[in-house]
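Take a look at the structure below.
The values are calculated or read from the model by the stated rules, or taken from the named source; none is laboratory data. Just so it is clear, the structure is predicted and the values come from calculations on it, not from any experiment. So basically every Cβ, Gly included, is an ideal-geometry build from the backbone, and we count neighbours across all protein chains shown. Note: accessible area is taken over every heavy atom of the protein model, side chains too, but ligands, DNA and RNA are not part of it. Shrake-Rupley method; radii C 1.70, N 1.55, O 1.52, S 1.80 Å.
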Amino acid sequence: MRTLIRILLCCVFSIQIHSQVLFQSDTLVRRSRTYDVVHYAITVSFDETQRKVFGTTTIRFTPLASGLDSIVLDAVALDVKSVRLLSGTELKFSNRSPALAIYLDHRYSLEDTVTVAVKYSCVPLKGLYFIQPDSSNPTRRWQIWTQGEDEDNRYWFPCYDFPNDKATSEVTATVRDSYTLVSNGHLLAESHDKKNKTRTFHWSESKPHSSYLIMLAAGDYKVVRERCDNVPIEYYVYKDRVDDGMRSLAKTKDIMKFFQKKIGYPYPWEKYSQIFISDFMYGGMENTSVVTLNDDSYLQDTRSLLDFTSDDVVAHELSHQWWGDLVTCRDWTHLWLNEGFASFFASVFGEYARGKDDFQYGMMQAARSIVSTEQAYGRKPIVSRESYTTNLYSKGSWVLNMLRNLLGEKEFWEAIKYYAHRHEYRNADTHEFELAIEDATGQNLGWFFKQWVYKAGHPMLNVTTTWTDSTHSLLVTIAQNQTLDSLTDVFVLPIDIECATSTGKSSVSVRLTHQRDSVSIVLSEKPLMVIVDKGNRVLKSLTFEKSKEEYVYQLLHAEDVTDRIAAAKALRTYTDDDTVFTALRRCALNDVFWGVRREATISLGVMKTAGVKETLFELYKDKNSQVRNAAVVALESFKAPDVARFVESAAQNDSSYLVVGSCIGAMEKVDSTRAFEFARRFVDQDSYRDIIRRASLGVFRRSHLPQTIPYAIKYGGIGNSPD
């Protein structure tokens, strides 16, 4: 769904969310229906100067109740002119926003099909937006676009505006003749009125989808087309930024092929379009067959590719064409079936494209977000009226990853395929997903869904080990220290414990079922390393105190990036230790995965031993911009002329926006007397997501100098990036 713009490092690790508390509406609970919408036919034109919509929406429906004599549509602030049957018969209506009650000419039975046409106009309060240049931003692009989720389409056309109803749809829209307009499905017709200088586009979606997924977007675009097998793919990109648009969306075809094979279900719609829009309140939106993308967030120049990728949001929104559009949550309390699935599938594509290490690193970052969000906002079940977005996206993704580990690779993907086919073009809730898994694999996973989805929290594990020489046995004790109450129980956790000795590594699988569990492992000698939850397969927080020697061994020899990173973080407490310094230096220079090198670099930055500064200079040569950035940030603690010269040179010469921004902030710490003038050299420099300008303005803000006021006025005005 609506992916939030994550700035700087965060957007490397995840796509995610748009607000902290998602839905607070009373309509969270599942709505009852008296009718089933079969088809929407929406005809609209616009007065852009007045920001006004003129429309006729024709709705074909069948009764779900005997003797149906009226229906209620969702309609907010619509000026309804008339309501007629298909025959032309005028109907009485009561238009009391947010509801339009239509009184039918007689009672209809379950076998009837009824068609009503609502003629109206409106100045939408939301749902449909007119983007225009003005005195504050004369270069803003002219656009018209819609955003329906969660229940905003009712602001520009009357509809049943809740996900538990699906219908086919068509949109006929008339816009100025310089515009190109895209909507759901395939283009039936396009006409040009030369006299009125307008174009009319008629789009049709022939497969049922929920009303919040109906959309249109119009503006001045170049349309680039290709195909993925038999699926037409369209890229709506700005004419003056075609290369940037195509660069940002370059992996679309690869992602579609991957998902079709992985899910075992072909792409379900007539075409797939992606369109960049301006001033979008979210990162992206998965309208059926047409994804809208925030141009400020995901339209990338060449230089930005060093630090960021749009592949994750492209994958997230494309996976929604199955998870959210093909199979849609019955009500918003089950939204994780849309968002958790999309987040997980974006990560799975990342695993395919960038490797297992990247996948583990992303899941580790997501786990950190889950834990910190619970600390800040309290524990909430995923399926809940009060669930927050970290639950729906990150924790939902983790639930699917744990199911994958629990069921096994083959069984999990068979269950996913079965679920997609079983609920195609229909709604589903969490219980139905659980039943689909049971029917596909034979596994009753009620216990799993109870603890991870319907209840709240996560296991907080405290691990201790005791080695006994006489028996050559290692006793591993694992206590669950989370608060136990009506929200959170003792978790049932299948985990692997790995022990490394001088002769090799061995693993045992255990199933934790109590608040305190112990397992005795016989080994040839005292282990050099013990890993609890090998592969980081369980969402948890873990306390496992180890000796310095164990952490050093783990840093240099653990197979999984999560364990090497855990060791790098733990070693930060040894700020004046030559052995630790040597190990961290070796790791930061040589580890095969950039995320581990980055974490080791951060740990080196807090050390007080000789040679740290010189090592950070050396680490700055890393090809990965995230590692170079960590080295620059770590150098902030060294207030020396050679560091100031280094930071200045890096800011002038580094190709990474991220590194340049950090250099601007670092100069403030390294040589505060030069900070303002140094930042002023960069403040007018354009960059992706305004990284460089925001770093400069941050220095200005903290300086409290009167010379900064003109810059605050200049960049604080409307027309600049909200950031």
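Given labels modelled 7 Å from the Cα in the Cβ direction, how far is it in nm from S655 to L556? Simple spin-label model gives 3.3 nm for this pair.
Annotation: for a label point projected 7 angstrom from Cα along Cα→Cβ of S45, residues of region 169-187 with backbone N closer than 14 Å are 172-177. The stretch between E111 and E438 holds 114.2 nm of extra length on full extension. This uses 0.36 nm per residue minus the Cα-Cα distance. The length gained on full extension between S178 and S70, counted as 0.36 nm times the residue separation minus their Cα-Cα distance, comes to 34.7 nm. Taking all protein chains into account, the per residue accessible area for the chain stands at 40 Å² (1.4 Å probe). At an R0 of 51 angstrom, the distance between the Cβ atoms of D301 and D36 translates into a FRET efficiency of 0.60.
Considering helices alone, the calculated mean residue ellipticity of the chain at 222 nm is -9500 deg cm²/dmol, with DSSP H runs of length four and up weighted by -39500 (n - 2.57) and normalised per residue. Overall form of region 571-649: oblate. Here a/c, set by the Cα gyration tensor axes a ≥ b ≥ c, is 1.5 or more, and a/b is not larger than b/c.
Estimated at the nearest 10 Å², the accessible area of E668 is 40 Å² with a 1.4 Å probe.
With label points built 7 Å along Cα→Cβ from the Cα atoms of H704 and E386, find their separation and express it in nm. Here the modelled spin labels are 4.0 nm apart. In terms of the mean number of neighbouring beta-carbon atoms within 10 Å, the peptides 127-133, 74-80 order highest first as 74-80, 127-133. Solvent-accessible area of region 71-223 (1.4 angstrom probe, protein heavy atoms only): carbon and sulfur portion equals 49 percent. With R₀ set to 25 Å, the beta-carbon distance separating S672 from A376 gives a calculated FRET efficiency near 0.20.
Efficiency by 1/(1 + (r/R0)^6): what FRET value for R572 and V29, r their Cβ-Cβ distance, R0 = 41 Å, to the nearest 0.05? Calculated transfer efficiency: 0.30.
Where in region 602-623 does the amide nitrogen come within less than 13 Å of the point 7 Å from the Cα of D642, taken along Cα to Cβ? Label zone hits: 610-618. Ligands, DNA and RNA left out, the 1.4 Å accessible surface of region 474-614 is 49% carbon and sulfur atoms.
So for H320, H472, what's the accessible-area order with a 1.4 Å probe, most first?
Descending accessible area places them as H472, H320.
Ranking D684, D622 by solvent-accessible area of protein heavy atoms (1.4 Å probe, all protein chains present), from largest to smallest, gives D684, D622. If you take percent of Cα pairs over 34 Å apart from the coordinates, which of (i) 60; (ii) 54; (iii) 44 do you get? Step by step, percent of Cα pairs over 34 Å apart for this structure corresponds to label (ii). Were the residues from H192 through A101 laid out at 0.36 nm apart, the gain over their Cα-Cα distance would be 29.1 nm. The heavy atoms of H557 offer some 80 square angstrom of accessible surface to a 1.4 angstrom probe. Taking label positions 7 Å along the Cα-Cβ direction at both K410 and K526, the computed distance is 4.4 nm, reported to one decimal. Using heavy atoms of the protein chains and a probe of 1.4 Å, the accessible area assigned to I255 is about 0 Å².
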